[in-house]
Structure formats: structure tokens, C-alpha cells
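A short worksheet on the structure shown next.
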Amino acid sequence: VNLALNPALPNRWTALRPHDEQRRLWRSKARFRVVPAGRRSGKTELAKRYLVRRAVVAHEERPQYDSWFFFAAAPTRDQAKRIYWDDLKRLVPDDLILSISESQLIIKLITGAEIHVIGMDKPERIEGTPWDGGILDEYGNMKARTWTLHVRPALSDRGGWCWLIGVPEGRNHYYDIFKNAQADDTGEWDAFHWKSADILPAAEVEAARRDLDELSFQQEYEGSFIHFQGRAYYTFDEKIHCRALTYDPVQPLIICFDFNVSPGVAVVCQEQVLPGVFLADGEPVIGTGVIGEVHIPRNSNTPAVCRKLVQDWGGHLGKVFAYGDATGGAKGTAKLQGSDWDIIAQELRPTFGQRLFFRVPKSNPAERVRVNSMNTRFQSATGLVRMMVDARRAPHVVRDLEGVRVLEGGSGEIDKQSDPHLTHLSDAVGYYIVREYPIIKLIGEQQELRIV
Ligand SMILES: Nc1ncnc2c1ncn2[C@@H]1O[C@H](COP(=O)(O)OP(=O)(O)OP(=O)(O)O)[C@@H](O)[C@H]1O
Ligand SMILES: [Mg+2]
């Protein structure tokens, strides 16, 4: 980090605020360094600088070779380019640059050192080069065997070093390698950790707390390896979230679909003033009210679900918005003819006419983003409640929210197998919530990538 004070460096080397753990990471003698720290906490910035620094001095450090190879890797090539490319070009002193290949994402230095920006979507890209060192960023989102199968062997030729950095992703392979690094007593591995709040302004951290559920906040901003277990919708609590809600025949009605046969389902919502909750300044909270459901236990299909909706809600005077599974029953389960979305249009249009609108994306967002958006809406890390369920009108929604579980030992993935009756209703509402109240913008790189 001292390099920042050297006047010969490009002005991209701005001074960083001193930070003990960052300094320990920079000065560490460990060959492999595992760095699960919070979002926006300076992981990538430090890694870029370290990589450039080691590339610039490589010919002095290892004079036995006449060329040197360094990599900056991320889960995909697009992501790697976005994370590193512009900054690496600006961090290398101009007069040391021999050539820059925009197509191959390689910076060659006049010393003989090379910096390669690599996407691990094709991990073979890392094989065959005798790397002197490199960075794996967003390591938690790489495939589990990336390290052992592809990266570690490629570091053997020259005893190359590596930083494995990124926000945790449940207790997956990143957690395992972090634990091993912590336990290592050979000096080859070391582990480093700090929270976003050390670097980010307090107001930013508070905003994140308000816009994320507790576990997502701990994972993303405190860099914690969350042990996802038990209920998927863990912030939902009948005592807090089940209230008598209102229905307004003029305000927009939201209908959420998930396509399935046993049961056939839909969930009906309306945004409204939620009873009994208030903002810090005493203002009422406007949030999502689940005010109805369709639940046909067996042998259902999309027309049957729609007929029930017309029967229950056909008198609605305001607009009607349809949300749901973008794949539209692609598995064929609930399909008779055309796509499920065509069927819904045919069935509902005669009743709602031009007041019916479809809000269905081309593809579904990542499941974890959907579940976390739901959890955040039920209760943010600051305790704010922005969603409730009328249990008398939507009893199966409550049962679903209480019953759906995550896979043991996963990164928060829903367990779809253990009870086939569950997940459909909560999935349906989730498509609405993630579309209108997503948390993706807050939780960085990988999630944004997945949602396009
Ligand atoms: N010690 C520091 N003092 C002040 N600012 C810092 C310090 N370390 C890093 N920063 C700044 O914090 C910002 C975020 O850094 P960076 O992109 O490296 O975060 P990250 O941990 O990789 O975040 P993400 O998880 O979102 O990828 C950068 O603008 C960086 O310059
Ligand atoms: Mg980063």
C-alpha cells in the first residue's frame, strides 16, 4: 500500500485509508490467501494493486525466468473484464506497458511480465500457463472444483501464489477453503476477514440494513458464512405478519402464478397501508398485502385456476396485473394448448378486458435473489415489515411460508423434493416481489449478472 505514495506511479494509485487487516493481507507471507470480506470493502481494489505490484517487480523477484505470468480471474469472462480490465490498465505505469490486447485481455509489460484477465466459465483457460500468481475474485460463485482441478495444478510449475477473494455464498466450497486456511499451520495458507462498515460510510451500511433481510446482510456486508438451514422464508412469523387486510375494488389487483397440477395455485395481492406497523417517523407503512389465493389440491390446470380467479375476483373494477413463472409451465405439467401465459390471457381477458396487464420477464431471476427479496420484504435487518398475509383468505400461503425449507448444507437453495405440495404458492408471490422489490441492485456483481 506504501506504493501509493511513490510519485512515479499513475494517479490511479490513490491513497487508501489505513486498515489493519488490509495491511496484514498486503504484507502476509502466505502463498495462498483467502479473503471473505463484506461488499464494497476493498477486496478487489487491494487485489488489483497487489497483482500489478507483483507483476512490476517480477523480473527482480524471480530473475531465473525471462517472462512472468499473472492472472486476474472472475466467474465469467464478462464479469472479469468488468471488474478488472480498465483498472488494471490504469494501475500499470504507462512507461512499463509494452502492449495491450483488448481482444485477449492481456497487458504485456516491457519487463517480460504479462497480466491476463480470465473468466472461469471456461476453467481450462487457466491451464497450460506457468503462472507466477493470480487472483480468483467472487470465488464463492465459481464452480466448487475450480481450485483443486484447474487452478492449484497450474500454480505448481513456479510455486505461484493466489488470492481467493469475494463475499461468502452460504457454506459452500469457499467456506471449506476458508476454514482450512484458518487452521493451516504450515504458513502456506492464511485467512483474512473484515466488514464493509470498516470501509463504507455508515449511511451506506444503514441503507443496506434497511434493504436486506438479516441473513443476507450478514453475508453480504459482514462477510459471514451463513449456515442456511431450516425455513426458506425465515423472516415470516405468523404472529407479526398475519393480520386482517383490506381489499379495495378500485386499486390495482396483483395476481401471481406458478404453473403446477397438484396443487394448481395463484396468489392475489394488493399494495396497502399495513395495519399496526409504522416507520421511525410515525408514518404508516405501505406494503404488500396477500389477500387471496387459489388452491386446487389435485388435477388442476391453468384454465381451472383462471376460472376460480374469475369467480372470486371477476367483479374487480381496477387494473389487474399478472406476474409469475417466466417459463410458463415449460415442463408441460399444467399446459393444455399454447403457453400458460396465452391461456391466462384467453381466460381472463373477457372479464378484465384492457385492464389486464402482464408483468412477466423473459427469464426468471436467480432463486436465491427471489427468496431473499421475499425475506427482506417480510422483515429487513432493521426490523421493517413491508408485507403481510391475511391468513383467513390465504391459508395455504401461510402454510407454504412456514413449511418451505432450504437444502441442508446448501447456499440457501429451496428444497423442492421433501414435500411436493409446498413451494408453489410462495414461488408465485416471489415472482411479484422480486420483480417489483428486488434486492439485486444492492448485492453486487454476480446477482446482477444472473438476472438479465
Ligand atoms: N482502505 C480503504 N480506504 C478507503 N477506501 C477504500 C479502502 N479500501 C478500498 N477502498 C475503496 O472502496 C471501494 C470498493 O472497493 P472494492 O471494489 O475493492 O470492494 P469489494 O470488496 O471488491 O466489493 P464487491 O464485493 O462489491 O466486489 C473502492 O472505491 C476502493 O477504492
Ligand atoms: Mg469486488
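No lab work stands behind these numbers, since they all come straight from the coordinates. Just so it is clear, the model here is predicted, and its values are computed rather than measured. Reconstructed Cβ throughout: ideal geometry from the backbone, glycine too, with neighbour counts over all protein chains shown.
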P(r) for the chain, please, calculated from all Cα pair distances in 10 Å bins and given in %. 4, 19, 25, 20, 15, 11, 5, 1, 0
Kindly state, to the nearest 0.05, the FRET efficiency for I286 paired with A366, given R0 = 30 Å and r defined as their beta-carbon distance. 0.65
According to a simple spin-label model (label point 7 Å from Cα along Cα-to-Cβ), what is the distance in nm between K179 and T327? 3.1
Projected area, mean over directions - the range 1-77, Cα convex hull, nm²: 6.7
Solution diffusion estimate, µm²/s, Stokes-Einstein, the range 268-427, Kirkwood Rh from C-alpha pairs, 20 °C, viscosity 1.002 mPa s: 122
Taking 8 Å as the Cα distance limit and 6 or more residues as the minimum spacing, I'd like the relative contact order of the chain as a percentage. 17
Taking every DSSP beta bridge with both residues inside the range 1-115, roughly what % is antiparallel (nearest 5)? 65
Points 7 angstrom from Cα along the Cβ direction at D157 and R392: gap in nanometres? 7.4
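Counting only other residues whose beta carbon sits under 15 Å from that of P18, what net charge do I get with K and R as +1, D and E as -1? It would help to have the intermediate numbers written out before the result.
Working: positive: R17, R23, R24, R27, R49; negative: D20, E21, E45, D198.
Overall, the nearby charge balance is +1.
Please work out the Cα convex hull volume for the range 94-232 and give it in Å³ per residue.
175
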Kindly state, to the nearest 0.05, the FRET efficiency for I110 paired with R24, given R0 = 45 Å and r defined as their beta-carbon distance. 0.90
How big, on average over all directions, is the shadow cast by the Cα convex hull of the range 81-144, in nm²? 4.9
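Suppose the chain between D94 and Y437 were pulled fully straight at 0.36 nm per residue; how much longer would it get relative to their current alpha carbon spacing? Please list the in-between numbers first.
Values: separation 343, 0.36 × 343 = 123.48 nm, distance 4.45 nm.
In short, 119.0 nm is gained.
Compute the semi-axes of the equivalent ellipsoid of the range 160-211, taking the square root of 5 times each eigenvalue of the Cα gyration tensor, and list them largest first in whole Å.
On the way: eigenvalues 159, 34, 17 Å².
Output for the range 160-211: semi-axes of 28, 13, 9 Å.
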What distance in nm lies between label points placed 7 Å from Cα along the C-beta direction at E45 and L317? 5.6
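Rounded to the nearest 5, what is the percent of antiparallel bridges among the DSSP beta bridges in the chain? Don't skip to the answer; put the middle values down first.
Values: 25 of 60 bridges.
Within the chain, antiparallel bridges account for around 40 percent of the total.
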Determine the sum of side-chain charges near P123: Lys and Arg each +1, Asp and Glu each -1, restricted to other residues whose C-beta is under 12 angstrom from that of P123. +3
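On full extension of the chain, what length is gained from D342 through A244, given 0.36 nm per residue of separation minus the C-alpha to C-alpha distance? Walk me through the numbers on the way to the answer.
Numbers: separation 98, 0.36 × 98 = 35.28 nm, distance 3.38 nm.
Length gained, D342 through A244: 31.9 nm.
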If a paramagnetic tag sat 7 Å from the Cα of Q64 along the Cα-Cβ line, which residues of the range 149-183 would have the backbone N under 15 Å from that point? 156-161
I'd like the FRET efficiency for T148 and F357, computed as 1/(1 + (r/R0)^6) with the beta carbon distance as r and R0 of 60 Å, rounded to 0.05. 0.75
Which of rounded, prolate or oblate describes the range 374-446 when judged by the alpha-carbon gyration tensor and an a/c cut-off of 1.5? oblate
